[in-house]
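Contents: one structure, followed by commentary.
Just so you know, all these numbers are worked out from the coordinates, no wet-lab data involved. The model shown is predicted, which means the values in this text are computed figures rather than measured ones. Counting neighbours? That spans all protein chains shown, and the Cβs are built from the backbone with ideal geometry, glycine included.
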Amino acid sequence: MTEFEELRQLAAQTRHFIGSSEDKVLALKAVFHAHDVVLGIYPANEGLGLHVIKGDAILKEIADSGAQLAYSHTAIALYTREQAVTLQRLLN
């Protein structure tokens, strides 16, 4: 399984959780707060675009140190990068 396939599966699980919840906003906030890293995925010219909605600091620490840190992550499917940026601003 490629990393993008995993992200698509995580986004499908997130969509199902939010879609089956009575309070969609509360469900979205629950997903956001339950994970260390939240990635927004959206269609792009290259196939799949990616925006870090939450967890920049953790990912930067991993990249800078090369350490293998344990962290939870999920993905949210969006239509555009602008939606991911807006969601990042609203939830942070």
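For this structure, a couple of remarks:
- The stretch 45-56, residues that are in a strand (DSSP E or B), within 23 Å of L91 (Cα to Cα) and out of contact with any His (no Cβ under 8 Å at 6 or more places or on another chain): L48, G49, L50, H51, V52, I53
- Figure legend. Inter-residue proximity from the stretch 1-21: first residues buried (at least 16 other Cβ atoms within 10 Å of the Cβ), second residues among the charged types (D, E, K, R) and assigned to a loop (DSSP other than H, G, I, E, B), beta-carbon distance below 7 Å, spacing 6+ or different chains. No pairs are indicated.
- Looking only at the stretch 57-92, and only at residues there that are under 11 Å from the mean Cα position of the chain (by Cα) and part of a helix (DSSP H, G or I), the one that is farthest from L26 (Cα to Cα): A84
- For the stretch 48-72, a residue qualifies if it is small (G, A, S) and over 25 Å from F17 (Cα atoms), and the qualifying residues are A57, A63, S65, G66, A67.
- Breaking point among (1) surrounded by fewer than 16 Cβ atoms within 10 Å (Cβ to Cβ); (2) in contact (Cβ under 8 Å) with a residue 24 or more places away in the chain; (3) under 14 Å from the mean Cα position of the chain (by Cα), for Y42: (1)
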